[in-house]
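Only the coordinates and a few stated rules stand behind these numbers; no lab work does. Keep in mind it's a predicted model, so treat the numbers as computed, not measured. Virtual Cβ from ideal backbone geometry, glycine too; neighbours counted across all protein chains shown.
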Amino acid sequence: MFKVTASPHITDNMTTQKIMLCVIISLLPALIGGFITLGLRVLTVTLICVVFSVLFEYLMRIIMKRQNTISDLSAVVTGMLLAMNLPVTIPIWQAITGCFVAIVIAKQLFGGLGQNFVNPAILGRIVLMLSFTADMTTWIKVKHSGYVDALTGATPLVSKDASYIDLFLGNTGGCIGEVCALGIIIGGFFLIFMKIISPVTPFAFIGAVAVLEFIAGNDPLYHTLAGGLLLGAFFMATDYVTTPITSKGKLIFGVGCGIITFVIREFGGYPEGVSFAILFMNIVTPYIDNFTAVKPLGAVYIKDEKEDN
Amino acid sequence: MKKLNSIKVPHNKNTKDCMIEKIPLPPFVKIPMLMNMGSPCNPIVKIKDTISVGQKIGDSDALFSVPVYSSVSGTVKAISDYRISDGSLCKAVEIECDNLQNISDSVKPSEINSREDFVKAVRESGLSGLGGAGFPTHIKLNPKNKINTLIVNGAECEPYITSDYRIMIEHADEIIEGLNFISKMLDIPNVIIGIEKNKPEAIKLFSEKLQNINNINVISLPSLYPQGAEKVLIYTSLGKIVQEGKLPSDYGIIVINVSTVYYLNVYFKTGMPLINRVVTVDGDTVKKAGNYLVPIGTSFDYILGYAQCEKDKINKLIAGGMMMGITVYDINQPVSKINNAILAMNKINIPKEIACIRCGRCMNACPVNLMPMEIERAYKKKNTEMLLKYKVNLCINCGCCTYICPSKRKLAETNQLAKLLISSIKKK
C-alpha cells in the first residue's frame, strides 16, 4: 500500500530546530565577550539558566500531559537569553526563579511554543527586576585597564564614563549579554545573513532611539552602545512569536520600542527601558498584526465593491 | 520583470534529454469519462462493441464537458465505476486491445471556415488543459472579450517533469503552426511564449525559429516556483493582476499550455483527437526514467513496468509533480489527459509537525500574498468569517507554504480544507 498524503511531497531543509540552533550560535559571540570581561561566573549563570529552562519545560509538558517539545531547542534559547539579561552577580536561586517565570508562566501556561504573547525571557527579567531590584542592578565595576574589581558600580548608562571603544569591546559594566557590543553585532548580522531575522526590527528600534537621543541633545552613539539596546533590538525584539509578522508591522514595532525606550531612559525612574519597551510592544502586537495584514493579490472585498458601485 | 513571492525548489529535471519514446501497446486500457475540470461524459458505446482508434466513446451535452476518444482498437470489455482523485465516481470504459490499431473513419481534418467551426473543432479535439488543471480548451478559446495577448505556458516549474519541455524541443514547428492558426482564428495580435530560464535550449530554439515572425515572442522567465501558475505567469509577463472573480480573458489575456497547443495542431492537421500524451516517468525506483508517449487509459502498472521500476520498493506513487501532484493508492490507476508525470518514490519524507512559531515564511512565500498561518488558526476555530476575510478562496494550492514551513505544518492542505468548509457553509 502506498502512502497517501496531500501535496506538496517535498519540503525545505530548514526546520524550526535549525532556526533555534542558529539563534544559539548567534548568541555565542556576545556570551564570549561577557565571559572575557566578567569572568567565569558568566558560564555558571548561563548553564544554570539553560538547564533549568529545559527542565521546567520538560516537567510542564508532563504535567500538562502534552507531547514533549524540548527537542525543538526553544527552551535553550530562552534560557540563554534570560542569562544574558542578568547581572553576573545574580544569586543562583533568583536566576532559577527567572527561568520558572519565563518557561512556566510566560510560555507553557499559554500553550507552549508559538502561543505565548510576551517574550518569556523579557518577562523573566522584568519579574526579577521588580522583585529583586537591588540584586538586579548590582554591576561589577570593570576597570578600563581590564581587570575585574569586586566593587559595584553603576551601569554605563548612568555613569556615562565609558569610552566608545570600551563599550564596543565590552570593557564595561552591565548584564552578561549586553556588555560586548561587538559580539551582539556579529551575532545579529549572522542572523540577518542566515535570513532568520528581518533587519527591519533592529534597525527601526536602534534608529528610533539614536534619532530621539540626538534630538534630545544626547550622544546617539553612546546610547546605542551602552545598556541593553543592541541585545534587545537584535535578539529580543525579533522573536517570531511575540512580534508582528509583516515588514510594515515590524517597522511599527521597532519604532514603537525605540520611542518607549527613549521615554523611559530620559524621563522614567529606571536607567534602562529596553525590556519594558519590548514587553509593551509585545502586548500590542496582535493589534499591529491586524492593522498591517497584507492584502492578497487581486482580493476584492464586498465592502469595496459597494463603494465602487 | 515584476516578480511575485516565490520559492526555489530543486529542479531534478533528470529526464530533460530523454527523447519522447512511444511505448508498446498495453493489453487493455481503462478510459475514465471525466478527465477535465467540469462535468463527466456518458459512455456512448456498449459492452462487446468493436472500437477503433480515435472513435468517440463518451460525450455529454453539459457545457464544461469534453468528449472522450478511444486510444486503441479492440473490444469493450466492461463499463465500470471509477473513483477519481477528488473522491467522486464516474464511469470508465475498459477496452481490450486487438493490436491492430485500426483508425476510425471519423478521424479526418475538419473544415474550419469560421470562428464557430473553430470552437466546435476545439471541443471535438477532446482537449482540456494538459498542464494539470484540465480546464476545457473549447471554453478557454471561446472568450467573450477581445483578446490582445495569448500567453503560451512553457514554464514547467514543477520539479522532475520535462514532458512539456520535450514537446517544445521536438515539435517546435508544430507549436508555432498551431499558434499562428489560433491567433488568426481569434484575431489575437500578440503571442508570448514564456519559458523558464532553466531551459536555455528551448528558449534558443524558439528565438531562432521566431526571428521572422513578428507577432510571436519568447520571454525567458525566472526559474522560480510557481512560475507556471496562471496568475503568476500573467503578472510576470504582463504585470497585470487578475482580480478575484475575474478570468484572464476579462483582461484580454488567454494563457494556454504549450502541449495543449501542440495537440490542437495535431487535431487541426490530421483530425486525430487527443488519444495519447507524453508522460514523464521518474523517481528513485525507476531505472529507465524518461518521457513516454502513452495511450490514455494505460495503467500506471504497465508504464512503470516498461520503465523498469522496482515496484515493490515504491512508498509513494504520485500522479503529477512533487509540488502539486496527487498521490495514487492503486497502481492500476489509468493515465488521464491531465497526467503529465508519474513519480514512483522510494525515499519519502513525511516530517513531524510541530507548533507554528509565526516566523512568517509561509506568508513571504505565497505568490498570492495570503497569510497561511492566520488561515490555519481561523480554520482550527472553524471561523468562516475570518477565513473569508483572509481570502482563502484565492489559494492556488501551489504548496509553497507547506514546502517552506520550518515547523513542517500542512498549510496548503489546511487551505484546501478551509475552502471546503466555506463552500459547505455557503450551500446551507
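Under a plain spin-label model, where a point goes 7 Å from the Cα along Cα-to-Cβ, how far apart in nm are A:Phe214 and A:Leu130?
3.5
Return the lysines within reach of B:Lys240: Cα separation strictly under 20 angstrom, same-chain partners fewer than 8 residues apart disregarded; answer none if there are no such residues.
Within the straight-line limit of under 20 Å, B:Lys240 reaches these lysines: A:Lys295, B:Lys2, B:Lys3, B:Lys140, B:Lys144, B:Lys146, B:Lys231, B:Lys391.
For chain B, with a Gaussian network of springs between Cα atoms less than 10 Å apart, report the residue from B:Asn364, B:Asn113, B:Asn415 with the top mean-square fluctuation.
Highest fluctuation of the listed residues: B:Asn113.
Kindly provide the helix-only [θ] at 222 nm of the protein assembly as shown, computed as the sum of -39,500 (n - 2.57) over DSSP H runs of four or more divided by all residues, to the nearest 500 deg cm²/dmol?
Helix-only estimate at 222 nm: -12000 deg cm²/dmol.
Considering only DSSP beta bridges where both residues belong to the range B:115-270, give the percentage that are antiparallel (nearest 5).
In the range B:115-270, approximately 5 percent of DSSP beta bridges are antiparallel ones.
Determine the equivalent ellipsoid of chain A by diagonalising the alpha-carbon gyration tensor, then write out the semi-axes as square roots of 5 times the eigenvalues, largest first, rounded to whole Å.
34, 26, 18
Under 5 Å between amide hydrogens, which residues at least 5 positions from B:Asn42 or on another chain qualify, with H placed 1.01 Å from N in the peptide plane?
Residues meeting the criterion, in which the H sits 1.01 Å from N, are B:Asp59, B:Ser60.
Taking a cut-off of 26 Å between Cα atoms, list the lysines near B:Lys46, but don't count ones fewer than 8 places away on the same chain.
Leaving aside lysines fewer than 8 places away in the same chain, those within reach of B:Lys46 are B:Lys30, B:Lys56, B:Lys77, B:Lys91, B:Lys108, B:Lys120, B:Lys337.
Quick one: divide the alpha-carbon radius of gyration of the range A:18-90 by 2.2 N^0.38 Å and tell me what you get.
Cα-based Rg divided by the globular estimate yields 1.18.
Could you give the spread of the C-alpha atoms of the range B:279-414 along their three principal axes, from largest to smallest, in whole angstroms?
In descending order, the Cα extents are 49, 28, 23 Å.
What GluC sites (Glu not before Pro) does the range B:273-380 have in DSSP loop regions with at most 14 other beta carbons within 10 Å?
Those satisfying the criteria are B:Glu310, B:Glu353.
Applying the Karplus parametrisation 6.51 cos²θ - 1.76 cosθ + 1.60 with θ = phi - 60° to the phi angles of the range A:283-296, what ³J(HN,Hα) value in whole Hz is obtained for each residue in order, glycine and proline being reported as x?
5, 8, 3, x, 5, 4, 4, 5, 6, 9, 3, 6, 8, x
Counting residues in the protein assembly as shown as N, plug N into 2.2 N^0.38 Å and put the Cα Rg over that result.
Computed over Cα atoms of the protein assembly as shown, the ratio equals 1.17.
Which whole-number percent of Cα pairs in the range A:1-43 have a distance greater than 18 Å?
In whole percent, the long-distance tail amounts to 58.
Work out, step by step, the length gained on full extension between B:Ser424 and B:Lys352: first 0.36 nm times the residue separation, then minus their alpha carbon distance; give nm to one decimal.
Contour length minus the Cα-Cα distance gives 22.9 nm.
Pop out the Kirkwood hydrodynamic radius of chain B from its pairwise C-alpha distances, inverse of mean 1/r, in Å to one decimal.
22.4
How much of the DSSP bridge set in the protein assembly as shown is antiparallel, in percent, rounded to the nearest 5?
The antiparallel fraction comes to roughly 60 percent.
Could you list log10 I(q)/I(0) for the range B:210-338 at q = 0.12 Å⁻¹, which the Debye formula gives when each Cα is one point scatterer?
After summing over all Cα pairs, the log10 values are -0.68.
Using only Cα atoms, figure out Rg for the range B:26-103 and give it as a multiple of 2.2 N^0.38 Å.
Its radius of gyration relative to the 2.2 N^0.38 Å reference: 1.05.
Using a cut-off of 15 Å between alpha-carbon atoms, which aspartates and glutamates can reach B:Lys316, once sequence neighbours fewer than 8 places away in the same chain are excluded?
Output for B:Lys316: B:Asp282, B:Asp284, B:Asp301, B:Asp330.
Can you work out the base-10 log of I(q)/I(0) for the range B:275-350 at q = 0.21, 0.28 1/Å, using the Debye formula on its C-alpha atoms alone?
Rounded to two decimals, the profile gives -0.83, -1.55.
Per-residue HN-Hα couplings for the range B:112-119, Karplus 6.51 cos²θ - 1.76 cosθ + 1.60 at θ = phi - 60°, whole Hz, x for Gly and Pro?
Listing the rounded values in order: 10, 10, 9, 5, 4, 4, 4, 5 Hz.
Can you give me the three principal axis dimensions of the range A:176-309 from its C-alpha atoms, in Å, biggest first?
On the principal axes, the range A:176-309 reaches 58, 35, 23 Å in Cα extent.
Near the amide H of B:Phe28, under 5 Å away, which other amide H atoms are found, from residues 5 or more places off or on another chain, if H is placed in the peptide plane?
Counting only residues 5 or more places away or on other chains, the set is B:Cys97.
Where the centre of each part is set by its Cα atoms, how far does the range B:68-109 sit from the range B:1-66, in angstrom?
With the range B:68-109 and the range B:1-66 each reduced to a Cα centre, they are spaced 12 Å.
Dividing the convex hull volume of the alpha carbon atoms of the range B:201-252 by its residue count, what do you get in Å³ per residue?
90
Please identify, among B:Cys157, B:Cys401, B:Cys90, the residue showing maximal mean-square fluctuation in a Gaussian network model of chain B using a 10 angstrom Cα cutoff.
B:Cys90
Read phi for every residue in the range A:163-176 and hand back ³J(HN,Hα) as whole Hz from Karplus 6.51 cos²θ - 1.76 cosθ + 1.60, θ = phi - 60°, with x for Gly and Pro.
Working through the residues one at a time gives 7, 4, 5, 5, 5, 5, 8, x, 7, 7, x, x, 5, 3 Hz.
Looking at the range A:21-117, which trypsin sites (Lys or Arg not before Pro) are DSSP coil and have at most 10 other C-beta atoms within 10 Å of their C-beta?
Within the range A:21-117, the qualifying trypsin sites (Lys or Arg not before Pro) (loop, at most 10 other Cβ atoms within 10 Å) are A:Lys65.
At q = 0.11 Å⁻¹, what is the log10 ratio I(q)/I(0) for the range B:115-270, with the Debye formula run over Cα points and no solvent?
Summing over Cα pairs of the range B:115-270 leads to -0.38.
With springs only between Cα atoms under 10 Å apart, run a GNM on chain A and tell me which of A:Gly33, A:Gly111, A:Gly177 wobbles the most.
Fluctuation is largest for A:Gly111.
Scan around B:Ala341 for amide H atoms under 5 Å from its own, H built in the peptide plane at 1.01 Å from N, and keep only partners 5 or more places away or cross-chain.
B:Thr280, B:Gly320
Report the convex hull volume per residue for the range B:97-192, counting only C-alpha atoms, in Å³.
Residue-normalised Cα hull volume stands at 153 Å³.
Would you mind checking the tilt of helix A:247-267 against the longest principal axis of the Cα atoms of chain A, expressed as 0 to 90 degrees and rounded to 10?
30
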